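**Q** Dropping a structure here in structure tokens format, bear with me for questions.
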Amino acid sequence: MVNGTIRFPHLGITLDHVIKSVSIGGFEIACYGMVLAAAMVTGLLLAMRVAERTGQKSDDYFDLGIIAILVSVLCARAYYVVFSWDYYGKHPAEILNIREGGLAIYGGVIGGILTVAVFCKIRKIKYRKALDTAALGLVWGQAVGRWGNFFNREAFGGYTDGLFAMQLPVPDVRSHEITEEMWEHVRTIGGVDYIQVHPTFLYESVWNLGVLAVLLYLTFRAKRRYDGKVFLSYLLLYGIGRFWIEGLRTDQLLIPGTTLPVSQILSCVIAVFAGILLIVNHWRKSTMEKGPDGSAPGKDKGL
């Protein structure tokens, strides 16, 4: 039975009766699912608003968003299942069960990028500009969506006694996600055993809000702009944050046959790749503005 208490001892915060689901007409609706739905809808609305402010058609982004959400959820689940095949190979009936979590954001991002590419080709929309606009809605959705992990008591990090340490009742957590170090530091409060961990869902949510602030600045305030810059900046900044946060988590998806976290490796590759392209684009734009002889103006579309 779920205890329902979540504590942040060093902040003096105790949250009692944090539910995992609500019952409507006898049907259980997971809070995880409701949070994800809210993240998707508000992310789509943000992208549509940005489209309006940047001279694009918001209706195009509504159509794109609906398709991208469906494809991204399928790809996010497929990514998670593939890298958790040791479990799902033995429990195939669980593959379609996402009520308890099990969506990998990188799978969703890959699915979204492919969807944007196909959609833009059909609608004859600028691909890089569409990626810029979609990135704003995406990172907002990620910031909100991480709170689904909070309700599910998942995606947390290892033991910590830092300022933001979070305490979770042992019965509320999947046993295989509790490390030996956590067991060594179990604390009994009111007769209930608690593990004390990094709230990595919170770290990533706050980080993503910071990324969103940077992307909004680049979209509306930055002087040097080109299609694709906002999206590349998203890949760089999100990749850096995810690389750090993924290293703290205890539920890492590993590359088969290794002890390497696939999302951490992918974050590093993506961040480096995006960083290189941003540097190259900056150099090319500076060169084109000065001209071959250092004085004539030019034009660059970016990569």
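**Q** Hey, could you check region 233-266 for residues that are small (Gly, Ala, Ser) and free of Cβ contacts under 8 Å to residues at least 40 places away in the same chain and say which is nearest to Glu204 (Cα to Cα)?
**A** Among those that are small (Gly, Ala, Ser) and free of Cβ contacts under 8 Å to residues at least 40 places away in the same chain, it is Gly241.
**Q** Determine if region 211-227 includes at least one residue that is surrounded by 17 or more Cβ atoms within 10 Å (Cβ to Cβ), closer than 27 Å to Gly148 by Cα and of a type in the set (Gly, Ala, Ser).
**A** no
**Q** Within region 152-168, which residues are part of a strand (DSSP E or B) and either small (Gly, Ala, Ser) or under 13 Å from Ile6 (Cα atoms) (or both)? Lay out the reasoning, then the answer.
**A** Step one: filter region 152-168 for residues part of a strand (DSSP E or B), giving 157, 159, 166-168.
Result: Gly157, Met166, Gln167, Leu168.
**Q** Which number in (1) over 21 Å from the mean Cα position of the chain (by Cα); (2) within 28 Å of Ala213 (Cα to Cα); (3) surrounded by fewer than 20 Cβ atoms within 10 Å (Cβ to Cβ) marks the one condition that Leu70 misses?
**A** Evaluating Leu70 over (1) over 21 Å from the mean Cα position of the chain (by Cα); (2) within 28 Å of Ala213 (Cα to Cα); (3) surrounded by fewer than 20 Cβ atoms within 10 Å (Cβ to Cβ) leaves (1) as the failure.
**Q** Can you list the strands (runs of 3 or more DSSP E) lying wholly within region 8-91 that have 2 or more residues being among the polar types (S, T, N, Q) and modelled with pLDDT under 95?
**A** Once the strands (runs of 3 or more DSSP E) in region 8-91 are filtered for at least 2 residues that are among the polar types (S, T, N, Q) and modelled with pLDDT under 95, what remains is 21-24.
**Q** Identify all residues within region 12-64 that are among the basic types (Lys, Arg) and either in contact with a Cys (Cβ under 9 Å, 6 or more places away or on another chain) or in contact (Cβ under 8 Å) with a residue 12 or more places away in the chain (or both); write none if there are none.
**A** Correct list: Lys20, Arg53.
**Q** Any residue at all in region 215-225 that is within 19 Å of Leu131 (Cβ to Cβ) and touching a Phe, Trp or Tyr at 6+ places or on another chain (Cβ under 7 Å)?
**A** Yes, region 215-225 has at least one match.
**Q** If you don't mind, there's one more thing I want to ask. Residues to consider are Leu131, Leu114; find the one that is crowded, with 22+ Cβ neighbours inside 10 Å, aliphatic (A, V, I, L, M) and touching a residue at least 40 places away in the same chain (Cβ under 8 Å). Show your work before the answer.
**A** On the way: Leu114 fails: crowded, with 22+ Cβ neighbours inside 10 Å.
The conditions single out Leu131.
**Q** Let me ask you something else. Take the residues in region 198-232 that are in a helix (DSSP H, G or I) and among the charged types (D, E, K, R), then tell me which one is nearest to the chain's Cα centre (by Cα).
**A** Glu204
**Q** Next up: Looking at region 96-114, can you tell me whether even one residue there is among the acidic types (Asp, Glu) and assigned to a helix (DSSP H, G or I)?
**A** Checked against the condition, which is being among the acidic types (Asp, Glu) and assigned to a helix (DSSP H, G or I), region 96-114 yields no hits at all.
Residue by residue, here is whether (1) within 22 Å of Tyr238 (Cβ to Cβ); (2) touching a Pro at 6+ places or on another chain (Cβ under 9 Å) holds:
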site: Val2; (1), (2): no, yes
site: Ile29; (1), (2): no, no
site: Met34; (1), (2): no, no
site: Asp60; (1), (2): no, no
site: Cys75; (1), (2): yes, no
site: Tyr87; (1), (2): no, no
site: Ile98; (1), (2): no, no
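**Q** Moving on to the next point. Find all pairs meeting these conditions: Cβ atoms under 6 angstrom apart; at least six residues apart or on different chains; first residue within region 179-193 and more than 10 Å from Pro169 (Cβ to Cβ); second residue of a type in the set (D, E, K, R) and surrounded by 13 or more Cβ atoms within 10 Å (Cβ to Cβ).
**A** Partner pairs satisfying both residue conditions: Val186/Asp193.
**Q** In addition: Which number in (1) more than 18 Å from the chain's Cα centre (by Cα); (2) more than 25 Å from Phe151 (Cβ to Cβ) marks the one condition that Ile113 misses?
**A** (1)
**Q** Which numbered condition trips up Ile255, out of (1) crowded, with 18+ Cβ neighbours inside 10 Å; (2) among the hydrophobic types (A, V, I, L, M, F, W, C); (3) out of contact with any Cys (no Cβ under 9 Å at 6 or more places or on another chain)?
**A** So the condition that Ile255 fails would be (1).
**Q** Scanning region 169-190 for residues that are in a loop (DSSP other than H, G, I, E, B) and among the aliphatic types (A, V, I, L, M), which turns out surrounded by the fewest Cβ atoms within 10 Å (Cβ to Cβ)? So that I can check it myself, show each step before the final result.
**A** Here is the first cut: in region 169-190, the ones in a loop (DSSP other than H, G, I, E, B) are 173-174, 178-179, 185-186, 190.
Keeping just the survivors that are among the aliphatic types (A, V, I, L, M) gives 173, 178, 186.
Numbers: Val173: 19, Ile178: 18, Val186: 14.
Looking at residues that are in a loop (DSSP other than H, G, I, E, B) and among the aliphatic types (A, V, I, L, M), I get Val186.
The values are calculated or read from the model by the stated rules, or taken from the named source; none is laboratory data. The structure presented is a predicted model; accordingly, all values stated were derived computationally and were not measured. As a convention, Cβ positions derive from the backbone with ideal geometry for all residues, glycine included, and neighbour counts pool all protein chains shown.
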